[in-house]
Amino acid sequence: VLSDWLGGAPQDQARDFLRQGLAEAPKTWPYPLLRYLNGELCEQEIFEAAGSDASRRVETNFTVGVALLAGKRDQKHARELLREAAGHGYYFEGMAARCLLKSL
């Protein structure tokens, strides 16, 4: 979904993929991230759902940051979130955030 949004794919295509994920995914983590992307949770709620778990926090920073970039909203905050994720390069999202920041 994030890749589609960043790549400029048709919104319907990304939304269909997101709906499929919401319907089929187990309701455990990272399901709340899908709900955030679907507009069911706000940023504060998704960070509360992530709690203090480091892996979940990195995933959340990355997901929210990329969603903000893709939606062309609050670019400064998006970069801050991605920088936070990039500081945890041993997670996939941290490595991806670092690469994405270099390309911005």
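In terms of the Cα gyration tensor, with a ≥ b ≥ c the square roots of its eigenvalues, is the range 1-50 rounded because a/c is under 1.5, prolate because a/b exceeds b/c, or oblate? Oblate, because a/c is 1.5 or more while a/b does not exceed b/c.
Report note on the peptides 11-21, 59-69, 81-91: ranked by the mean count of other C-beta atoms within 10 Å, highest first, their order is 59-69, 81-91, 11-21.
Normalised by residue count, the chain yields a Cα convex hull volume of 95 Å³ per residue. Listed by chain and number, the lysines whose C-alpha is less than 27 Å from the C-alpha of residue 102, apart from same-chain residues fewer than 8 away, are 72, 76.
Computed from phi, the 3J(HN,Hα) profile of the range 58-74 under the Karplus parametrisation 6.51, -1.76, 1.60 (θ = phi - 60°) reads 5, 4, 5, 4, 5, 4, 5, x, 5, 4, 5, 4, 5, x, 6, 10, 5 Hz, with x in place of Gly and Pro.
The slack in the chain from residue 9 to residue 24, taken as 0.36 nm per residue of separation less the alpha-carbon distance, amounts to 3.2 nm.
Zone of residue 73 (label point 7 Å along Cα→Cβ, backbone N under 11 Å): which residues in the range 1-40? Once the point is set 7 Å along Cα→Cβ of residue 73, 37-40 turn out to lie under 11 Å by backbone N, inside the range 1-40. Taking Cβ atoms as reference points and 10 Å as the exclusive limit, the residues near residue 30 contribute a net charge of +1, counting Lys and Arg as +1 and Asp and Glu as -1. Look at the alpha carbon pairs under 8 Å that are at least 6 residues apart: their mean separation over the length of the chain gives a relative contact order of 19 percent.
No lab work stands behind these numbers, since they all come straight from the coordinates. What you see is a predicted model, and the numbers here were worked out from it, not measured in a lab. Backbone-built Cβ (ideal geometry, glycine too); neighbour counts: all protein chains shown.
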